[in-house]
Amino acid sequence: MTSPKQVLKSVGPKFVPFFKTLAIYFVVFIPEENPSLLAMFIKCLPILSLLLFVLMHGMSLGNEYTFSRRILIGLIFSCLGDGLLVWREFFLYGMLAFGVGHIFFISAFGFKPLNIRLGIPLYIASMLGFSIWLPQQALIYKLTVPIYTALLVTMAWRATARVRFFEDLWTWTKLCSCVGGFLFVISDSIIGFHMFYSPIPYGQVLIMTTYYAAQLGIALSVVDSKASYIREEEESRKRQLLLDESEQEQESIIGEGTDLRHRRLGTVGH
């Protein structure tokens with residue numbers, strides 16, 4: 001299992017651009033009431049830095065980088081959503097971009113193990129959230145927000161389910177994606193409450209702090225994804241080898257039993 005110290009030594013220098021651009025965002029800090037191209041650029045810089053991190057950690061068209069490619073594409077659509085959400089009138093388009101991003105995150109995290117018992121409470125909690133502020137919203141939000149929220153909750157569910165705490169199969173990078181998934185839910189919940197129910201003091205700071213931390217956690221999940229793929233492939237080959245050996249043994253036993261019956265029948269015939 002990759003230790004936190006190993007993770008920090010491996011990825012620390014590669015995250016320098018992210019933390020620098022993060023500092024730029026909060027130092028400049030253009031209020032959401034003043035949308036502009038500059039605000040969009042500064043807002044997107046940390047996610048662009050995470051895209052660079054994922055690329056620097058390794059990328060190719062091989063199967064061993066399937067996980068990293070999907071995280072990369074998810075971050076690209078997230079960056080697009082960031083830019084669109086600078087302007088309030090593009091909120092639905094930004095939500096669409098983030099929804100596509102979540103689809104790629106979900107495909108990266110996968111559905112094994114399923115752990116349906118973890119997913120059910122998350123969906124129930126999201127539906128309770130709807131009941132607070134959604135009835136007062138316009139029809140378009142009543143139709144689109146539940147779909148987006150289902151994707152968001154599914155992403156958090158799959159990021160958490162892959163950790164597998166009680167089977168000694170978890171890693172620090174999987175834990176990072178788990179934390180990232182839940183921080184994403186928290187960030188978007190604050191957005192929903194802040195925009196559609198009641199403004200929250202320092203809402204923009206809370207939203208962006210939890211959002212950037214969420215994307216950082218998700219980006220960290222690529223650190224040992226190649227090693228995990230290779231390890232899983234080796235385990236799969238070993239299981240297949242054992243299965244083939246077991247089948248050969250069974251065929252051998254069946255063959256010996258058939259020969260024995262034939263000899264007995266031959267003896268009886270004589």
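The values are calculated or read from the model by the stated rules, or taken from the named source; none is laboratory data. Keep in mind it's a predicted model, so treat the numbers as computed, not measured. Backbone-built Cβ (ideal geometry, glycine too); neighbour counts: all protein chains shown. These accessible areas exclude ligands, DNA and RNA; they are computed on the full protein's heavy atoms, side chains included. Shrake-Rupley method; radii C 1.70, N 1.55, O 1.52, S 1.80 Å.
Using C-alpha pairs below 8 Å separated by at least 6 residues, the relative contact order for the chain is 19 percent. Measuring r between the beta carbons of residue 93 and residue 200 and using R0 = 22 Å, the FRET efficiency lands at 0.40. Remark: the range 70-162 is approximated by an ellipsoid whose semi-axes, taken from the C-alpha gyration tensor as √(5λ), come to 23, 20, 7 Å, largest first. Taken about its Cα centre, the chain carries a charge dipole of roughly 320 debye when the Cβ of each Lys and Arg holds +1 and the Cβ of each Asp and Glu holds -1. Screening the chain for whole DSSP H helices of 20 Å or more along their axis (Cα) with average Kyte-Doolittle hydropathy at least -1.0 returns 37-56, 66-85, 91-109, 116-133, 139-161, 172-196, 203-220.
For the range 58-146, averaging the sequence separation of C-alpha pairs within contact (under 8 Å, six or more residues apart) and dividing by the residue count gives a relative contact order of 24 percent. The chymotrypsin sites (Phe, Trp or Tyr not before Pro) of the range 1-102 that meet both conditions, a loop assignment by DSSP and at most 14 other Cβ atoms within 10 Å of the site Cβ, are 29. Rounded to two decimals, the Cα radius of gyration of the chain over 2.2 N^0.38 Å is 1.36. For the chain, the solvent-accessible area of protein heavy atoms averages 57 Å² per residue (probe radius 1.4 Å; ligands and nucleic acids excluded).
Ligands, DNA and RNA excluded, the heavy atoms of residue 206 present near 80 Å² of accessible surface to a 1.4 Å solvent probe. What separates the Cα centres of the range 177-241 and the range 40-77 is a distance of 13 Å. Cα gyration tensor of the range 1-129, axes a ≥ b ≥ c as square roots of the eigenvalues: rounded (a/c below 1.5), prolate (a/b > b/c) or oblate? Since a/c reaches 1.5 but b/c is at least a/b, the shape of the range 1-129 is classed as oblate. Placing +1 on each Lys and Arg Cβ and -1 on each Asp and Glu Cβ, with no other charges, gives the range 71-204 a dipole about its Cα centre of roughly 280 debye. Which of the pairs 20/43; 5/112; 112/238 have their Cα atoms more than 23 Å apart in this structure? Cα-Cα > 23 Å for 5/112; rest within. Extension gain for residue 19 to residue 240 (0.36 nm times residue separation, less C-alpha to C-alpha distance): 75.1 nm.
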